[in-house]
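Heads up, the thing below is written out as structure tokens.
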Amino acid sequence: MEQKKNLKEVAKLFLKLGVIGFGGPAVHIAMIEEEVVRKRKWMDHQHFLDLVGATNLIPGPNSTEMTMHIGKERAGWKGLVVAGACFITPAVIITALFAWAYQQYGHLPQVAPFIYGIKPAIIAVVVVGMINLGRKALKSVQLAVIGVLAAIAVLTGMNEIVVLFGAGVLGIVLFFLQQRANSARLIAPLVLLQVQQFNLSLSPVQTFLTFLKIGSILYGTGYVLFAFLDAELVATGLLSKQQLIDAIAVGQFTPGPVFSSATFIGWQLGGMGGAVAASIGIFLPSFLFVALLNPLIPKLRRSKVMAAFLDTVNVASVAIILSIMIEMSRAALLDWRAIVIAIAGFVMAFAFPKVNTAFIVAGGALAGYLLHFV
């Protein structure tokens, strides 16, 4: 009876957060901490921080995996599944509606001005996010050098996934050189670092496999997803840069995990079937990783090797995303109107970090519409 009650509480809480959770992973985790630690006292602050640390050791969206960890702690294995599903579902449904509307009306004149304004605003939001992440990621001169090299590599055309995980492996090598260790012990799912390209079409099965692969090897925040999408879909000609920018905007503008952008892209690739396939593919690995690694969290958290791997990946991720933002700026900042919106969005996001990013994106959409008449 107690377990059933706890399961109901988990479902109710994370369904609510899935509906009102605007602002990205950092905001989501703050909201979860407020509800779980301060209000409901399901766990103490130190244990919550331990779970936050654990999410950085496995692939997948951090805030979504936090809901799964907490669901497991509160209501067992059923709680893990219910918490994750309740947090994800609202975002997927809302994003699917946006995807349908975009496909139907996205190129019409009355809609185009709003989308025009969203693009520079979202670029500004992502750049500010990367600056904030970069401050935490740059822990040494070596990491700064690796970040610069990663950005240069991507700007010269190297595959983002190869750069990202190549940097991670380099971080491990540097760690062992510094420690002069006699043996190496790796606690990372490096067997998943396969970068071969699928011969993709609009088939829901192959869409599922593509996003399953991305979800299985994706470290860091939801923003890193866009680097993978650029390599997997834009570089192969299945998605345009413009569609990727629009997917980022929808992922930011809607509540819940940023990974719901996969739903939007899946719809563009193959309608409703593609949206369902992409959504299941991108989130399924997170359920599996949390279920498998939850009992191993203490050992993983103490691994110095994994700390070196993640420190380097984090720096490379920031560098890669900033380089992609440079490329996207070439496609979005085409005139003074777009530049004004981008600058205003940057100032708002940088000067007022507590302002919900959804409001900045909405402001960009409104500004795009109003400036359309100038």
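The values are calculated or read from the model by the stated rules, or taken from the named source; none is laboratory data. Note that the structure is predicted; figures quoted are calculated from it, not measured. Heads up, the Cβs are rebuilt from the backbone with ideal geometry, glycines too, and the neighbour counts pull from every protein chain shown. These accessible areas exclude ligands, DNA and RNA; they are computed on the full protein's heavy atoms, side chains included. Shrake-Rupley method; radii C 1.70, N 1.55, O 1.52, S 1.80 Å.
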Cross-link reach list, lysines versus K213, counting only Cα pairs under 29 Å and skipping chain neighbours closer than eight places: K72, K78, K119, K136, K241, K299, K304
Cα centroid of region 112-150 to Cα centroid of region 245-270, whole Å: 19 Å
For mean projected area of the Cα convex hull in nm², calculated from these coordinates, the label among (1) 19.9; (2) 18.6; (3) 24.4: (2)
Chymotrypsin sites (Phe, Trp or Tyr not before Pro) restricted to DSSP loop in region 292-374 with at most 11 other C-beta within 10 Å: F373
Accessible area expressed per residue, the chain, with surrounding protein chains retained (probe 1.4 Å, Å²): 45 Å²
Label point distance in nm, M158-E35, each placed 7 Å from Cα along Cα→Cβ: 4.1 nm
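I'd like the FRET efficiency for V355 and W77, computed as 1/(1 + (r/R0)^6) with the beta carbon distance as r and R0 of 51 Å, rounded to 0.05. Mind showing how you got there, number by number?
Details: r = 38 Å, r/R0 = 0.75.
So the FRET efficiency works out to roughly 0.85.
Just order 260-272, 35-47 by mean Cβ neighbour count inside 10 Å, highest at the front, would you? Mind showing how you got there, number by number?
Details: 260-272: 25.6, 35-47: 13.5.
In descending order of packing, they fall as 260-272, 35-47.
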Solvent-accessible area, 1.4 Å probe, carbon plus sulfur percent, for the chain: 68 percent
Radius ratio Rg over Rh of region 33-183, counting only Cα atoms, Kirkwood formula for Rh: 1.06
